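J.: Handing you this structure, nothing more for now.
The values are calculated or read from the model by the stated rules, or taken from the named source; none is laboratory data. All figures in this text were calculated on a predicted structure; none of them were measured in a lab. Backbone-built Cβ (ideal geometry, glycine too); neighbour counts: all protein chains shown.
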Amino acid sequence: MRAVIVHEYGGTETLRVEDVPIPEPGANQVRVRVEASGVNFIDLYQLRGWYKVKLPHALGLEAGGVVDAVGSGVTDFRAGDRVACASAPGTYGEYTIAPAARVVPLPDDLDTKTATALMSQGITAHAMALGAFPLRPERVALIHAGAGGVGLLLTQIAKRAGARVITTVSTEAKAALSRAAGADDVIVYSQVDFEPEVRRLTGGAGVHVVYDSVGKDTFDRSLNVLRPRGTLVLFGQASGAVPPFDVQVLNQKGGLFLTRPSMGHYTATRDELLARARDVFAWVADGSLTVRVERTYPLEETGHALADLESRKTTGKLLVLP
Ligand code: NDP
């Protein structure tokens, strides 16, 4: 089969498609014939060596497709089942092996591309808005990268929970998308510094929570726009890793809370994973959650897709179709 294998850490231009043997599922694993692979920042973090992986490494973690073989001990799935997964190493390929416990069955009325687009970004958005800092009416949230893949979904889920949502984006075109997703106020940060603007928009009070996936470039100012006892949910580092941090700052700025969650912490059990997936699938089915798949790429253009994600020009989800 064809697959994208990383032999040494490097840039997106180094990625090549290779012929490799079709992998066999081990105990409690399923083999999935991949129809769509989700393009994610974690692929970039692994490719660049920011997150260490064992080399050579089959790149890609998120896929949707059809079960084609099952290993011993698998009782929940059989060949022919439509499924998706956000933790199946090697999804930029024609087949991937996934741990059965992390695989989600797809409802008949949900197409595979949409389901794939939801597995990482949708379930993360659900986990951040309803798990890491549970939103409800009267809560004011600031969401960075409001027109990004997670950002558009997180905004919609936050509005659904009744919160007031302020977002930051880099361009007017992204601002229009963020508003369409339900943001109450959108700050085009290339024109206005978000720190004084959030203060102005909240009458000086600050926000209850900042959902920050940008990291290095926004971290300090995200802390500055929190109200006393507010929470910074730092769930990504699109601009780079936040340097070592003096916890005394949390005291000085008002007894703040800081958490650095991953989707995995909020899908720790199979029941929790399935419950979050069921919610986002149901909201898409009833039309209350919109998924934006911006572009698809052939497998040979996986490097191109990752470069586009990194370029900050994309909105919504990018998929590779092997
Ligand atoms: P996005 O579509 O949000 O793309 C990233 C966006 O971040 C850009 O479009 C850009 O928006 C903004 N950005 C600001 N500064 C930079 C920079 N220096 N380089 C690149 N982008 C920048 O991506 P995703 O929705 O796929 O992911 C968003 C974040 O969520 C990532 O950090 C990712 O790691 C994280 N994530 C975390 C998970 C977890 O389990 N913790 C799971 C899934 C995603 P703008 O132009 O508006 O500034």
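J.: Given the condition surrounded by fewer than 23 Cβ atoms within 10 Å (Cβ to Cβ), among the small types (Gly, Ala, Ser) and within 17 Å of Ala115 (Cβ to Cβ), answer yes or no: does some residue in region 17-26 qualify? Lay out the reasoning, then the answer.
T.: Going through region 17-26, the residues surrounded by fewer than 23 Cβ atoms within 10 Å (Cβ to Cβ) turn out to be 17-26.
Retained after the next criterion (residues that are among the small types (Gly, Ala, Ser)): 26.
Filter once more, so that each one left must be within 17 Å of Ala115 (Cβ to Cβ): none.
No, region 17-26 contains no residue that is surrounded by fewer than 23 Cβ atoms within 10 Å (Cβ to Cβ), among the small types (Gly, Ala, Ser) and within 17 Å of Ala115 (Cβ to Cβ).
J.: From the list Tyr189, Tyr211, which residue is among the hydroxyl-bearing types (Ser, Thr, Tyr) and more than 21 Å from Ser120 (Cβ to Cβ)? Please lay out each step first, then the result.
T.: Working: Tyr211 fails: more than 21 Å from Ser120 (Cβ to Cβ).
The unique qualifying residue is Tyr189.
J.: Which one of the conditions (1) within 13 Å of the ligand (Cβ to nearest atom); (2) modelled with pLDDT of 95 or more does Glu197 fail to meet, given that it meets all the rest?
T.: If we test Glu197 against (1) within 13 Å of the ligand (Cβ to nearest atom); (2) modelled with pLDDT of 95 or more, just (1) comes out false.
J.: What about Ala158, is it of a type in the set (A, V, I, L, M), closer than 23 Å to Trp283 by Cα and at pLDDT 95 or above? Steps first, answer last, please.
T.: On the way: of a type in the set (A, V, I, L, M): yes; closer than 23 Å to Trp283 by Cα: yes; at pLDDT 95 or above: yes.
The answer is yes for Ala158.
J.: Going through Asp109, Asp76 one at a time, which residue ends up being more than 19 Å from the chain's Cα centre (by Cα) and under 16 Å from Arg270 (Cβ atoms)?
T.: On the way: Asp109 fails: under 16 Å from Arg270 (Cβ atoms).
None of the others qualify; the one that does is Asp76.
J.: What's the number of the condition Glu13 fails, among (1) in a loop (DSSP other than H, G, I, E, B); (2) of a type outside the set (A, V, I, L, M, F, W, C); (3) surrounded by fewer than 14 Cβ atoms within 10 Å (Cβ to Cβ)?
T.: Every listed condition holds for Glu13 apart from (1).
J.: Further, regarding this structure: Pairs needed: first member in region 141-158, assigned by TED's automatic domain parsing to the domain that holds Leu201 and closer than 13 Å to Asp185 by Cβ; second member anywhere, polar (S, T, N, Q) and within 8 Å of the ligand (Cβ to nearest atom); C-beta distance under 9 Å; at least 6 residues apart or different chains.
T.: Close Cβ pairs satisfying both conditions: Leu142/Thr168; Ile143/Thr168; Ile143/Ser213; Gly146/Thr168.
J.: Return the residues of region 294-322 that are more than 13 Å from the ligand (Cβ to nearest atom), within 18 Å of the chain's Cα centre (by Cα) and hydroxyl-bearing (Ser, Thr, Tyr); say none if nothing qualifies.
T.: Thr296, Thr302, listed by residue number.
J.: Might you check whether a residue that is touching a Phe, Trp or Tyr at 6+ places or on another chain (Cβ under 6 Å), more than 12 Å from the ligand (Cβ to nearest atom) and not β-branched (Val, Ile, Thr) occurs anywhere in region 275-293? So that I can check it myself, show each step before the final result.
T.: First pass over region 275-293, keeping only residues touching a Phe, Trp or Tyr at 6+ places or on another chain (Cβ under 6 Å): 289.
Subset that is more than 12 Å from the ligand (Cβ to nearest atom): 289.
Filter again for not β-branched (Val, Ile, Thr), leaving 289.
The answer is yes; a qualifying residue exists.
J.: Looking at Ser213, Ser262, Ser239, which one is more than 17 Å from Ala86 (Cβ to Cβ) and of a type outside the set (D, E, K, R)? If you could, list the steps in order and put the result at the bottom.
T.: Details: Ser213 fails: more than 17 Å from Ala86 (Cβ to Cβ); Ser262 fails: more than 17 Å from Ala86 (Cβ to Cβ).
The conditions single out Ser239.
J.: Let me ask something else about it. Among what's in region 43-86 and is among the β-branched types (Val, Ile, Thr) and surrounded by 18 or more Cβ atoms within 10 Å (Cβ to Cβ), pick the residue that is farthest from Val20 (Cα to Cα). Give the steps one after another, and end with the answer.
T.: From region 43-86, those among the β-branched types (Val, Ile, Thr) are 53, 66-67, 70, 74-75, 83; that's our starting set.
Among the residues that remain, those that are also surrounded by 18 or more Cβ atoms within 10 Å (Cβ to Cβ) are: 67, 70, 74, 83.
Numbers: Val67: 19, Val70: 20, Val74: 25, Val83: 23 Å.
Among residues in region 43-86 that are among the β-branched types (Val, Ile, Thr) and surrounded by 18 or more Cβ atoms within 10 Å (Cβ to Cβ), the one farthest from Val20 (Cα to Cα) is Val74.
J.: Among the numbered criteria (1) in contact (Cβ under 8 Å) with a residue 24 or more places away in the chain; (2) within 13 Å of the ligand (Cβ to nearest atom), which one does Glu172 miss?
T.: (1)
J.: Tally time: how many residues in region 227-271 are under 28 Å from Ala307 (Cα atoms), in a loop (DSSP other than H, G, I, E, B) and within 16 Å of the ligand (Cβ to nearest atom)?
T.: 12
J.: Also, quick follow-up: Which numbered condition in (1) in contact with a Gly (Cβ under 6 Å, 6 or more places away or on another chain); (2) within 11 Å of the ligand (Cβ to nearest atom) is the only one that Thr116 fails?
T.: Every listed condition holds for Thr116 apart from (2).
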